[in-house]
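Engineer: Let me begin by handing over the structure; questions about it come next.
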C-alpha cells in the first residue's frame, strides 16, 4: 500500500452516482489527494439491512454502481481496497434460499454455522455467558425451513446476517471465490470485515481466540499468493491490538480517534502520548469511519478490568462521551445506544466534525495529529468534506450510524470542496503525501502534557508538528528539498 493518504467511501454516497462518477471526482476536484481508495461494500445489494455489509451476492457489483469492469478501470489509476465480509452472508442470499428449500440436502447447507456445530453436546449457562458479542443478547436466531424443521443459526450481528462456517469446505470455497474475483478485478488490498468473530469454539469467548489467529494467517496466505494485502479490522483492548498487529499485515489504529478527542477536549496530551509511544507502526490511522467513534479501544480489558486498565479511566471515558454529546448539541445522543437501532455497545454515532462542535481549528489539529501519527492515514468521505450530522437521514431510517453516512447528490461533493476548512485539509493531505520525511522514522518529541510534538526524519528530510493547547498555537515546520540545510518551511494550522 502506498504511503499516502487513502480515501474510504461508499461509491454512491459520495459521487451521487456510480463508479464512473466516483472516478470523475477522484480525477477532478479530488485530484492528487489519494494514493488509494477503499470502496465500502459495492456488492449486490448496497441497501440491505446493514448498508451492504450483508451481501446477497458478494461476487456481483450492484448494477446501480457499475460492474467489475469499472472496478478494473478504477484500479488502473488508484490502489483499490475492498471488503471481504468474512463472518456472515445475507439471509436473502441464493445460498440461504437453497438451504431454506432443501435443508440438509442443499449443497450450501454447510455454509451456515449452527448452534450444534459449536455445541454438539449442548451448552451450559456459563458457556453462553462467555460469548463476546458487540450488541445486547445472544448471537443466535431460530429459523424455520420450508419443510417445517427448525434450526438455530449463529447471527453475531443481526438476524439478517447469517454467520458462515469458515471451517467447512463450503465456507472455505465461498471465501476463496471472492478472493479470486478480487484478483481478477485488480483489487490490491482487502479488509477482513468482522474477522474477529469468525471462529467459534465451545468454552471460549468466540472472539479473537488462538484459532482466530490461525484462520487469519491461512486467509492472509491465500490473499498474498494472489498479490493482495490484508487489513484486519478489530475493536479490542489496546494491548491486544498491539499483539494482533505483530501477527498481521495491517491493523486499524482505533484508539487514536477517542484519544485525539480527549486531548483536544482537555488540553492534556498525556494519554495520547502514552499510546503513540507503543502504537502499531503497521497501522491504518483513522479519525472517523462508516461506523461510530469507538471507546472500547481506550477502555480497560473487559475480561479483567481491575488488572488491565485502559488508556483512559472510566471517568475520563464518561467525560469524553458526554463532551461529544454536548459539542454536537445532543445530536450524537439521539443516534447512540438505546436511542437508535443497530445497537453498538462501544461506539458513539456522530461525525467527527460535529464531535468537535464544528470547530474548524480543532478539526484541522485533529487531522494534523492523524497525519503525523505512525501508519498510513485513511480519511472517511464525510470527514473529508467536514460534514455535519445528517439528522434528516437519521430521522428517516432510525439507524444511528446513518448520522454519519450522508448521501451527497451529484455535484454536491464538488461544491463542498470550496469550504475554507476543506481547502485547508486538502493542503494538509498534499503535504502528507509529498514530503519525503514520512518515508522515514517517527519520533515522539518530549514535551509537557499541555503540548504535543511529533516528528518524522528521513535522511536530511524532516518535518515536525507542534501543538500548544495552552496558547492555542499550532504549526508544522519542515525541511525544504533542495534548499540550504538550514532552510525550513512553515505551515500555521488554522483557517
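Engineer: Which condition from (1) buried (at least 16 other Cβ atoms within 10 Å of the Cβ); (2) in contact with a helix residue (DSSP H, G or I) (Cβ under 7 Å, 6 or more places away or on another chain) is the one that residue 147 breaks?
Structural biologist: Every listed condition holds for residue 147 apart from (1).
Engineer: Restricting the stretch 190-225 to residues that are in contact with a strand residue (DSSP E or B) (Cβ under 8 Å, 6 or more places away or on another chain) and over 17 Å from residue 155 (Cβ atoms), which is surrounded by the most Cβ atoms within 10 Å (Cβ to Cβ)?
Structural biologist: The residue in question is 190.
Yes/no per residue for (1) out of contact with any strand residue (DSSP E or B) (no Cβ under 8 Å at 6 or more places or on another chain); (2) crowded, with 20+ Cβ neighbours inside 10 Å; (3) modelled with pLDDT under 95:
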{"position": "36", "(1), (2), (3)": "no, yes, no"}
{"position": "42", "(1), (2), (3)": "no, yes, no"}
{"position": "50", "(1), (2), (3)": "no, no, yes"}
{"position": "70", "(1), (2), (3)": "no, no, no"}
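Engineer: Among the numbered criteria (1) assigned to a helix (DSSP H, G or I); (2) more than 23 Å from the chain's Cα centre (by Cα); (3) under 30 Å from residue 376 (Cβ atoms), which single criterion is violated by residue 66?
Structural biologist: (1)
Engineer: Listed residues 393, 415; which is without any contact (Cβ under 8 Å) to a residue 60 or more places away in the chain, closer than 25 Å to residue 359 by Cα and more than 24 Å from the chain's Cα centre (by Cα)? Steps first, please.
Structural biologist: On the way: 393 fails: more than 24 Å from the chain's Cα centre (by Cα).
Just one listed residue meets the conditions, 415.
Engineer: Also, quick follow-up: Within the stretch 463-495, which residues are modelled with pLDDT of 90 or more, assigned to a loop (DSSP other than H, G, I, E, B) and within 31 Å of the chain's Cα centre (by Cα)?
Structural biologist: If we filter the stretch 463-495 for residues that are modelled with pLDDT of 90 or more, which is where we start, we get 463-480, 488-493.
Next, only the ones that are assigned to a loop (DSSP other than H, G, I, E, B) stay: 469-472, 480, 493.
Across the stretch 463-495, the qualifying residues are 469, 472, 493.
Engineer: Have a look at 439, 459, 489, 398 and point out the one that is free of Cβ contacts under 8 Å to residues at least 40 places away in the same chain and exposed (fewer than 14 other Cβ atoms within 10 Å of the Cβ). Give the derivation first.
Structural biologist: On the way: 439 fails: free of Cβ contacts under 8 Å to residues at least 40 places away in the same chain; 489 fails: exposed (fewer than 14 other Cβ atoms within 10 Å of the Cβ); 398 fails: free of Cβ contacts under 8 Å to residues at least 40 places away in the same chain.
Sole residue among the options that is free of Cβ contacts under 8 Å to residues at least 40 places away in the same chain and exposed (fewer than 14 other Cβ atoms within 10 Å of the Cβ): 459.
Engineer: Further question on the same structure: What number of residues within the stretch 8-32 satisfy the criterion of being more than 21 Å from residue 390 (Cβ to Cβ) and surrounded by 20 or more Cβ atoms within 10 Å (Cβ to Cβ)?
Structural biologist: Number of matching residues: 3.
Engineer: Is it the case that the stretch 280-289 has a residue that's surrounded by 18 or more Cβ atoms within 10 Å (Cβ to Cβ), in contact (Cβ under 8 Å) with a residue 40 or more places away in the chain, out of contact with any helix residue (DSSP H, G or I) (no Cβ under 8 Å at 6 or more places or on another chain) and in the same structural domain as residue 253 (by TED's automatic domain parsing)? Please lay out each step first, then the result.
Structural biologist: To start, the set of residues in the stretch 280-289 that are surrounded by 18 or more Cβ atoms within 10 Å (Cβ to Cβ) comprises 280, 283-289.
Subsequent filtering for residues that are in contact (Cβ under 8 Å) with a residue 40 or more places away in the chain retains 280, 283-289.
After this cut, where a residue has to be out of contact with any helix residue (DSSP H, G or I) (no Cβ under 8 Å at 6 or more places or on another chain) as well, the list is 284, 289.
So of that shortlist, the ones also in the same structural domain as residue 253 (by TED's automatic domain parsing) come out as 284, 289.
Yes, there is a match, as at least one residue in the stretch 280-289 is surrounded by 18 or more Cβ atoms within 10 Å (Cβ to Cβ), in contact (Cβ under 8 Å) with a residue 40 or more places away in the chain, out of contact with any helix residue (DSSP H, G or I) (no Cβ under 8 Å at 6 or more places or on another chain) and in the same structural domain as residue 253 (by TED's automatic domain parsing).
Engineer: Is it the case that some residue within the stretch 269-281 is closer than 18 Å to residue 8 by Cβ and over 16 Å from the mean Cα position of the chain (by Cα)?
Structural biologist: No, every residue in the stretch 269-281 fails to be closer than 18 Å to residue 8 by Cβ and over 16 Å from the mean Cα position of the chain (by Cα).
The values are calculated or read from the model by the stated rules, or taken from the named source; none is laboratory data. Quick caveat, the model's predicted, so the values are computed rather than measured. Positions of Cβ are generated from backbone atoms using ideal geometry, with glycine treated the same way; all protein chains shown enter the neighbour counts.
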